[in-house]
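Scroll down for the structure; my scribbles are underneath it.
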Amino acid sequence: MSGDSGNGKKNINRDEAARLTRNYLEFLANFEDSLPLPASSLKRQSDTRVLAGVKQPLPESLEAFDRQINKCKRCPLGATRTKFVFGVGNPHARIVFVGEAPGHDEDISGIPFVGRAGQLLDKMLADIGLSRQHVYICNVLKCRPPNNRDPEPTEVATCKPYLLTQLSLIKPHVIVCLGRHAAATLLDLEAPMKELRGRILPWNDRQVLVTYHPAYYLRNMNFLNLGEQDFRLLRSLYDKAVQSPSG
Ligand code: URA
């Protein structure tokens, strides 16, 4: 059942989120049937992701998945976006960054984190000796909310399976949640950023590191040292991942 949180925003409960996820899976199954992609573009049936307890074959690649979903109109943002912002980077990345949603520059370019926040993200990466070639970058929402408003819960619930599929394909060691929307979406919890920031949390055999969104650091430069601390921790997780036998 939907409710109103009192601040004019709709809350959806887990049942509704599960219903939206089931709708998505049905949609994806039908959509895949109608796609002009060869059957071989789906991996063998045993290569599956599990979403809401339902097994689905994984798309063959990120590119194939992008082609499947980039005309999405499953929520109203499909009508207002300029470009669908799927994600960019190394398809075998050990680190995936998850932001909130495309902003103006990303909506125009179709590439995540190309505006001022993105430039800061690039710099923070460079400071730990990494670049976009080492990582993958995407968002919870693939389409820009008008005027950069916060994502609506129904938009998040509709778009989240896309993110989960991307993560299933990339299989990163570390997922960095940039800000509270990414953390709340992925970890399925509502906790203040103060409690989450700088922490490594387990998620489906992966590590999730939560840090403030680069836009937050731009507004609060005196907290940038916290971000730098988190990125140093990220670098040590990356080094461990590279050294591990499965690395
Ligand atoms: N902020 C985000 O969360 N994502 C982007 O892609 C750009 C800015």
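See the values below:
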{"item": "Enumerated strands (runs of 3 or more DSSP E) restricted to region 114-228, each holding at least 3 residues that are crowded, with 16+ Cβ neighbours inside 10 Å and away from the ligand (no atom under 13 Å from the Cβ)", "result": "206-211"}
{"item": "Residues of region 100-113 classified as aliphatic (A, V, I, L, M) and near the ligand (Cβ under 9 Å from one of its atoms), total", "result": "2"}
{"item": "Subset of region 84-109 [open to solvent by 30 Å² or more (accessible area, probe 1.4 Å) and in a loop (DSSP other than H, G, I, E, B)]", "result": "Asn90, Pro91, His92, Arg94, Glu100"}
{"item": "Some residue of region 64-81 being buried (at least 16 other Cβ atoms within 10 Å of the Cβ) and within 11 Å of the ligand (Cβ to nearest atom)", "result": "no"}
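The values are calculated or read from the model by the stated rules, or taken from the named source; none is laboratory data. Computed from a predicted structure; not experimentally measured. Counting neighbours? That spans all protein chains shown, and the Cβs are built from the backbone with ideal geometry, glycine included. The area values use the complete protein model at the heavy-atom level, side chains included, leaving out ligands, DNA and RNA. Shrake-Rupley method; radii C 1.70, N 1.55, O 1.52, S 1.80 Å.
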